[in-house]
1. Which Cα, out of B:Pro104, B:Ser158, B:Leu81, lies furthest along the positive dipole direction of the stretch B:69-179 (beta carbon charges, K/R +1, D/E -1)?
2. Using a simple charge model, +1 on the beta-carbon of Lys and Arg, -1 on the beta-carbon of Asp and Glu, nothing else, what dipole does the stretch A:37-110 show about its Cα centre, in debye to the nearest 20?
3. If I take R0 = 51 Å and measure r between the Cβ atoms of A:Trp58 and A:Glu104 in this structure, what FRET efficiency does the formula 1/(1 + (r/R0)^6) give, to the nearest 0.05?
4. Please give me the summed charge of the neighbours of A:Phe212: other residues whose Cβ is under 15 Å from its Cβ, Lys and Arg +1, Asp and Glu -1.
5. Could you work out the mean count of beta carbons from other protein chains within 10 Å of each residue's beta carbon in B:79-89?
6. For a quick check: sort A:Ile187, B:Ile5, A:Ile30 by the number of other beta carbons within 10 angstrom, fewest at the front.
7. With 21 Å as the cut-off, how large is the P(r) tail for the stretch B:1-158, expressed as percent of Cα-Cα pairs?
8. Please identify, among B:Ala24, B:Ala110, B:Ala83, the residue showing maximal mean-square fluctuation in a Gaussian network model of chain B using a 10 angstrom Cα cutoff.
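Every number here is computed from the coordinates shown, using simple stated rules; none is lab data. This structure is a prediction, so every number in the text was calculated from the model and none was measured. As a convention, Cβ positions derive from the backbone with ideal geometry for all residues, glycine included, and neighbour counts pool all protein chains shown.
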Amino acid sequence: MAKDRGSSDVYVRPLRRILIGGMVLFLFAIFLLWRIDSPRVERLRAALVDQIVPSFDWALLPVTKVAGMIEGFQSYTRIFEQNQELRRELQQMKAWKEAALQLEQKNAKLLDLNNVRLDPKYTFVTGVVLTDSGSPFRQSVLLNVGERDGIVDGWATMDGIGLVGRISGVGKNTSRVILLTDSNSRIPVSIQPSGQKAMLVGDNTAAPPIEFLESPELVRPGDRVVSSGDGGVFPSGMLVGQVAMGTDRRLRIRLAADYGRLEFLRVIRSHSSEKITDPGALLTPSTLPILPTVPIMPGLAESVPPVEGAADG
Amino acid sequence: MVDPITSRRWLYRGLFLLISALVAFFQLLPLDLSAGRWPGPDIMVALTFAWVLRRPDFVPVLLIGLVFLVSDLLFLRPPGLWAGLVVLGAEFLRSREPQSRDLPFLVEWAMVSGVLIAMILASRLIQFVFVINQPSFGLVTLHLAATILSYPIVVAVSSMVFGIRKIVPGEVDQLGHSL
C-alpha cells in the first residue's frame, strides 16, 4: 500500500478501529436491547416513524397517485370491455340488492318479534394509507390516524368489504396495520356453513392458509370465512374471504379485501365489553345491602356468606 | 474558507444521504400491497459498497451506521442488526479498497457478492440464535440475488451520473497527499 500520510496515520488508524468497534458494538447493543425489551424499542420505532413519515406525506400521496394514474392509463385500452363487464355485473347486483332489501326487512321484523338485543353497532375511523412496510418480508401499512384520533392497539381494520388486518403499533399521528398476509398475523376465524373454528395464519403469500381446523372434510372451496371473535381479539362476523384449495393441496383463504388497492382503511372501534369473571359478583352486588338481623327467608340468609367470600377472593 | 476538495466531499456525503432517503421513500410508497411478490434488490447496500470501493472518503462509517440504523427502524427489521453487519461489510471492503483499484470489475463484483452472502448468512444465524421469526429462505435468496444483480447497474449509475470513479494514481487530497 503506497501511502504516505506522515505521522497522522499512526494516531488515526487505532482511533478509527476504536470508532468502528464502538459503533458496531453500539448497533448490536440496540439489537440486544430490542430482543430483551421489545415493547419499549418498538414504541421508540413507532415514535420515529411517526416523526419521519408524515414529514414527507406531501410527496407520498402525489407520487402514489401518479403511479396509480400510469397504471390506470395502461388499462385504458381495455376500457370498453371493462364497461361491458361492469354493466353486466350491475344487472346482477340489482337483483341481489332487491333480495338483500327484502331479507333485511324480514330480518328486522323477526328480530322485533323476538325482542332480540344485538351488539351495539361498531363505529369506525377512516384513515389513508401512507406507506407500506418497505420490506418484502413484512406485510404492513402505515395509516395517517393515531393516538390523536383515539386509535388503540389491537383494533381491527377493514377496507369497504373485508378484514385487512389489525393495529399493531400506534404513534401520535400514525398507526401501523399488520396485514392478514404478514407472517406474524394469526386470526381466529369461523368457516360459515359448517360453523367450524380455525386459525388464519399469514405466511407472506397472497392467500394465507387455514390451520387448526378440526374436520377439514366439512370445508369445501367457496365457503365464506368470517372472523370468529374468539379470544376477544376481533369483533365477530366480519368478512375475511373465501376458502380456496391452494396448489399445494392446503386449504387457503382468498381474501375479500382488495390488497392490490388499499387506499382508505376503516379502523373499527372495539368497545371493551363488560367481562364476566366472577359468577358470584354477577348474581349479587359485591357491596351487599345491610342485612336484616333476623333472616326473613332462612334459605337466602344461608346462601349469602359464601357468595360474599367469593366476591372478596 | 472551505477548499474545493473538502466542499466536494461534503457535497457527496449529502448526496449519499439524499439518494438513501429517495430509495427509502420509493420503497415505502404503497404501490402494490399484495403479498407474495418478488422481493426487490437492496439498493442502499449496493450503493454503499459501490461508493466505499470507489471513494471511501465520501461514505464515512458514521454516516453508514446512521443511515442503516434509521432504515432498520423504518423497514421493521430487527433494529441495529443489519446496520451493524453493513458497517462491518463496508469496513472490510474499505480496507481492501487500495488493493482493488486496479482489479477488473468482475473480481470486484465477486468480492462484493461474497461479502453480501456472508452478511446474509450471519444475519440469519444471529436471528436463529435469538429465536426471531425469519422470512423464508427462498425469499431471502431471491432478495440477495436481486441485490447482487443490481450491483453493476448501481456502479454504472454512480460513475456515469454522479462521477464516482475509482481513484487513479495522481489524485491528491486537500493536503496534497496521494489518496
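1. About the Cα centre, the residue reaching furthest to the positive side is B:Leu81.
2. That gives a dipole near 320 debye.
3. Working: r = 43 Å, r/R0 = 0.85.
Efficiency at R0 = 51 Å is approximately 0.75.
4. Around A:Phe212, the surrounding residues sum to 0.
5. Average neighbour count from other chains, rounded to a whole number: 6.
6. In order of increasing Cβ crowding within 10 Å: B:Ile5, A:Ile30, A:Ile187.
7. 47
8. Highest fluctuation among the options: B:Ala110.
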